[in-house]
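Note sheet for the following structure.
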Amino acid sequence: MDQKRQKLKKKNMQVINDLNLKKQARDLGVKVWQTPGFMFIMLGVIAIVIMSAVFLISQNYDDPEILVLAESFVVIVILIVGNSVISMVTQVTKLNRMKSEFVSVASHQLRTPLSAIKWETELLLSKCRRRVVGDKQRQSIENINTLSIKMTHLINDLLDVARIDQHRLIIKKIPTDIIAVAKDSIKEAQSLAKKRHIELALSAPRKLPAVLADPEKLQMVVENLLNNSIKYTTNHGKIELKLTKKDALIIFNIKDSGVGIPAEQQNRIFDKFFRSDNIVKYQTEGTGLGLYIAKNIIEQMGGRIWFESVENLGSIFSFSIPISKQKE
Ligand code: ADP
């Protein structure tokens, strides 16, 4: 019942957003009268006005030529407005393609010098271990190393987003042990969880059938969801990972007792670069790309991703993934 109400609420929000021309103009970076929404409304208004005028005028004339002329006029107006909407959409699509190509080229170019920086800092760090430099210098080199790792992650995310936008993201589909993926992800996230005094618990049947997935990408998704749960839990809570089998699917739930997501922003959570208001104040680190990438990966593997969340109480992020029919 609650889920139905939430879905209805999300739909209503979508309609409100579609009607909000100011917001549309802001999002597209154009004037209000240039938004597709405004043009469609104008098209409707013009059609209604002209049709009514034709109806009123035609009552006084028996001549069918006037009717034909008036109707031709309506068709021309509709064609002109329709054409400007189409050319605007074409322009936006072209710009979007150019933008993803730019992101892709720039990220590739950035990766090479960054790899060199990482390599050099690792070399310096290995020298530090041999006590060639002092503690302060070692700390600085460690900071550079950490920052270059963060930058590499960001660049990899940008490359994935560009691949998704250009429909070039390659996903393997092989039988994958999802319990192993969950355990490896917990291992990776353990140090961050310990730092924040958060307990990670996995509940899964002793054996589960293999899923049809790309193991590396699946682990990336689980790690992203788990890291989010840790990042957005401030009260030393517990995070529960749960695996269950449902018909031909495996369902993966990650439940936290964190800050949750404000109801009015829940419909935008899988949007590119979106970060909710309640977390940007205290958690400055983050790009808003993780969930966008996760959604695309899961859907390309034939699954679905969703969540339930209550602000200040916590969230449950879930995804489904098809069971493999092949032998492992
Ligand atoms: P990032 O974490 O880098 O900001 P994501 O795409 O992974 O980007 O997440 C998008 C946004 O979704 C986050 O900024 C946050 O507002 C919200 N979010 C995701 N997971 C959680 C969670 N477990 N609890 C609360 N908010 C979350």
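The values are calculated or read from the model by the stated rules, or taken from the named source; none is laboratory data. All of these numbers come straight from a predicted model, not from anything done at the bench. For neighbour counting, all protein chains shown are included, and Cβ atoms are generated from backbone atoms with ideal geometry for every residue, glycine included. Calculation scope for accessible area: heavy atoms of the full protein, side chains included, ligands and nucleic acids excluded. Shrake-Rupley method; radii C 1.70, N 1.55, O 1.52, S 1.80 Å.
Go through (1) surrounded by 14 or more Cβ atoms within 10 Å (Cβ to Cβ); (2) touching a helix residue (DSSP H, G or I) at 6+ places or on another chain (Cβ under 9 Å) one by one and return the number of the condition residue 288 breaks.
It is condition (2) that residue 288 fails.
Would you point out the residue of the stretch 232-248, among those that are open to solvent by less than 50 Å² (accessible area, probe 1.4 Å) and within 12 Å of the ligand (Cβ to nearest atom), that is farthest from residue 282 (Cα to Cα)?
If we take residues in the stretch 232-248 being open to solvent by less than 50 Å² (accessible area, probe 1.4 Å) and within 12 Å of the ligand (Cβ to nearest atom), then 239 is farthest from residue 282 (Cα to Cα).
May I ask you to list the residues in the stretch 161-202 that are within 13 Å of residue 218 (Cβ to Cβ) and among the hydroxyl-bearing types (Ser, Thr, Tyr)?
Across the stretch 161-202, the qualifying residues are 176, 185.
Residues are listed down the side, and each one gets a yes or a no for (1) modelled with pLDDT of 95 or more; (2) in a loop (DSSP other than H, G, I, E, B):
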site	(1), (2)
234	no, yes
252	yes, no
273	no, yes
278	no, no
291	yes, no
298	yes, no
309	yes, no
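So how many residues does the stretch 211-231 have that are open to solvent by 10 Å² or more (accessible area, probe 1.4 Å) and more than 16 Å from the ligand (Cβ to nearest atom)?
Going through the stretch 211-231, the residues open to solvent by 10 Å² or more (accessible area, probe 1.4 Å) turn out to be 212, 215-217, 219-220, 223-224, 227-228, 231.
Add one more test, that the residue is more than 16 Å from the ligand (Cβ to nearest atom), and what stays is 212, 215-216.
Residues in the stretch 211-231 being open to solvent by 10 Å² or more (accessible area, probe 1.4 Å) and more than 16 Å from the ligand (Cβ to nearest atom): 3 in total.
Does residue 126 satisfy the condition of being more than 30 Å from residue 100 (Cα to Cα), small (Gly, Ala, Ser) and open to solvent by less than 80 Å² (accessible area, probe 1.4 Å)? Give the steps one after another, and end with the answer.
On the way: more than 30 Å from residue 100 (Cα to Cα): yes; small (Gly, Ala, Ser): yes; open to solvent by less than 80 Å² (accessible area, probe 1.4 Å): yes.
So residue 126 fits the description; yes.
Condition test on residue 325, is it of a type in the set (D, E, K, R), more than 21 Å from residue 215 (Cβ to Cβ) and surrounded by fewer than 17 Cβ atoms within 10 Å (Cβ to Cβ)? Can you show your working first?
Values: of a type in the set (D, E, K, R): yes; more than 21 Å from residue 215 (Cβ to Cβ): no; surrounded by fewer than 17 Cβ atoms within 10 Å (Cβ to Cβ): yes.
Judged against the criteria, residue 325 is not a match.
With the requirement that a residue be in a helix (DSSP H, G or I) and either at positive phi or touching a strand residue (DSSP E or B) at 6+ places or on another chain (Cβ under 6 Å) (or both), what does the stretch 184-217 give you? Walk me through it before giving the result.
Residues of the stretch 184-217 in a helix (DSSP H, G or I): 184-195, 215-217.
Once the filter is applied, which keeps residues that are in a helix (DSSP H, G or I) and either at positive phi or touching a strand residue (DSSP E or B) at 6+ places or on another chain (Cβ under 6 Å) (or both), the stretch 184-217 yields 186, 193, 215.
Out of curiosity, is residue 267 more than 14 Å from residue 228 (Cβ to Cβ), crowded, with 16+ Cβ neighbours inside 10 Å, more than 8 Å from the ligand (Cβ to nearest atom) and at pLDDT below 95?
Numbers: more than 14 Å from residue 228 (Cβ to Cβ): yes; crowded, with 16+ Cβ neighbours inside 10 Å: yes; more than 8 Å from the ligand (Cβ to nearest atom): yes; at pLDDT below 95: yes.
The answer is yes for residue 267.
When you check residue 171 against the structure, is it among the aliphatic types (A, V, I, L, M), farther than 17 Å from residue 249 by Cα and open to solvent by 60 Å² or more (accessible area, probe 1.4 Å), yes or no? Steps first, please.
Numbers: among the aliphatic types (A, V, I, L, M): yes; farther than 17 Å from residue 249 by Cα: yes; open to solvent by 60 Å² or more (accessible area, probe 1.4 Å): no.
No, not satisfied.
Part of a helix (DSSP H, G or I) and within 17 Å of residue 196 (Cα to Cα), is that true of residue 240?
no
Starting from the stretch 271-285, keep only residues that are over 12 Å from residue 231 (Cβ atoms), then list their pairs with residues that are open to solvent by 60 Å² or more (accessible area, probe 1.4 Å) and more than 7 Å from the ligand (Cβ to nearest atom) whose Cβ atoms are within a distance under 6 Å, requiring at least 6 positions of separation or different chains.
Qualifying pairs under 6 Å: 274/268.
Yes or no, residue by residue, for (1) at pLDDT 80 or above; (2) open to solvent by less than 100 Å² (accessible area, probe 1.4 Å):
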| site | (1), (2) |
| --- | --- |
| 12 | no, yes |
| 21 | yes, yes |
| 28 | no, yes |
| 41 | yes, yes |
| 57 | no, yes |
| 62 | no, no |
| 70 | no, yes |
| 79 | yes, no |
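Give me the residue from the stretch 285-312 that is more than 9 Å from the ligand (Cβ to nearest atom) and among the polar types (S, T, N, Q) and, out of that set, farthest from residue 261 (Cα to Cα).
In this case the residue turns out to be 300.
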